[in-house]
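Single-structure report; data block below.
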Amino acid sequence: MTEQLTALTVARFLQENPAFFAEHAELFAALSVPHPSDTRAISLGERQILILRDRQKELEQRLAILSHQAAFNQGTAQKMNHWCTQLLAVDDPQLLPGHIVGGLIESFEVPDVALRMWGVSLPEGPFTEAVSSDEQTFAHGMSAPYCGPNKDLSVANWLKHPPASMAIIPIHREAQTVGLLILGSPDNERFAADMGTTFLESIGQMASAALSRLPLAT
């Protein structure tokens, strides 16, 4: 052999010659290797069983995580369906903002929700409170919902209590942004920055579609 014998060389040889231990069965039975968590030596067969057990545990943990996520997604989808059904049952468009906010609090158990709109016809109230030009510019610049910690944005003041984490969802009317939906929580992890925004986008789409029934301001 011209190649220097190293652990990598041996490993590559065994990978390229899977029949080696079949042809040298007595060697396979005689070899021993260190136990991964003990000082004693074990056979290659026992070591392989330990490796397979570790892999099985890892796969079981991954499966448990996937099952938990699937159950969470199914529960969220059911809540979304319930919320949308409530919106479809509203006859008076002027009542829709209240049903959107109340439905999110009830169906999704969000502690604090605020909605403000501009450019549409609504009676004076919490949904038509003043929105500064900077806040409207911020809303127009959103390409997707925000999900993460409270970064002292002024729109966080729309909520009843300062949130530890929050979601900000733009409300669209055709190509225009006509409102912001704010979800707040005292829990830092309720709206974590590493969470996906798929469901938040769905909430924004559903709310925008429902609120499109409101007449434009004249």
> All but one of (1) modelled with pLDDT of 95 or more; (2) under 22 Å from the mean Cα position of the chain (by Cα) hold for SER143; which doesn't?
Replying inline: (1)
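To keep it simple, each residue is scored yes or no on (1) in contact (Cβ under 8 Å) with a residue 60 or more places away in the chain; (2) crowded, with 17+ Cβ neighbours inside 10 Å.
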residue: LEU63; (1), (2): no, no
residue: ALA71; (1), (2): no, no
residue: TRP83; (1), (2): yes, yes
residue: PRO93; (1), (2): yes, no
residue: LEU96; (1), (2): yes, yes
residue: GLY102; (1), (2): no, no
residue: SER107; (1), (2): no, yes
residue: ALA114; (1), (2): yes, yes
residue: MET142; (1), (2): no, no
>> If I ask for residues that are open to solvent by less than 10 Å² (accessible area, probe 1.4 Å) and touching a Phe, Trp or Tyr at 6+ places or on another chain (Cβ under 8 Å), which ones from the range 170-179 would you list?
In response: GLY179
> Residues in the range 108-120: is at least one at pLDDT 95 or above, of a type in the set (Asp, Glu) and more than 20 Å from the chain's Cα centre (by Cα)?
Replying inline: no
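Take VAL113 and decide whether it is touching a strand residue (DSSP E or B) at 6+ places or on another chain (Cβ under 7 Å), assigned to a strand (DSSP E or B) and either more than 26 Å from SER165 (Cα to Cα) or among the hydrophobic types (A, V, I, L, M, F, W, C) (or both). Talk me through it step by step, then tell me what you get.
Values: touching a strand residue (DSSP E or B) at 6+ places or on another chain (Cβ under 7 Å): yes; assigned to a strand (DSSP E or B): yes; either more than 26 Å from SER165 (Cα to Cα) or among the hydrophobic types (A, V, I, L, M, F, W, C) (or both): yes.
Judged against the criteria, VAL113 is a match.
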> Any idea which of (1) hydrophobic (A, V, I, L, M, F, W, C); (2) within 20 Å of GLY98 (Cα to Cα); (3) modelled with pLDDT of 95 or more is the one LEU216 doesn't satisfy?
Replying inline: (3)
> Do you know which of the residues in the range 166-193 that are over 25 Å from SER212 (Cβ atoms) and not in a strand (DSSP E or B) is modelled with the lowest pLDDT?
Replying inline: ALA193
> Do you know which residues across the range 191-211 are of a type outside the set (Ser, Thr, Tyr) and under 30 Å from GLN94 (Cα atoms)?
Replying inline: PHE191, PHE199, LEU200, GLU201, ILE203, GLY204, GLN205, MET206, ALA207, ALA209, ALA210, LEU211
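The values are calculated or read from the model by the stated rules, or taken from the named source; none is laboratory data. Bear in mind the structure is a predicted one, so any value in this text is a computation, not a measurement. With ideal geometry, Cβ positions are generated from the backbone for all residues, glycine too; neighbour counts draw on all protein chains shown. These area figures cover heavy atoms from the full protein model, side chains too; ligands, DNA and RNA do not enter into them. Shrake-Rupley method; radii C 1.70, N 1.55, O 1.52, S 1.80 Å.
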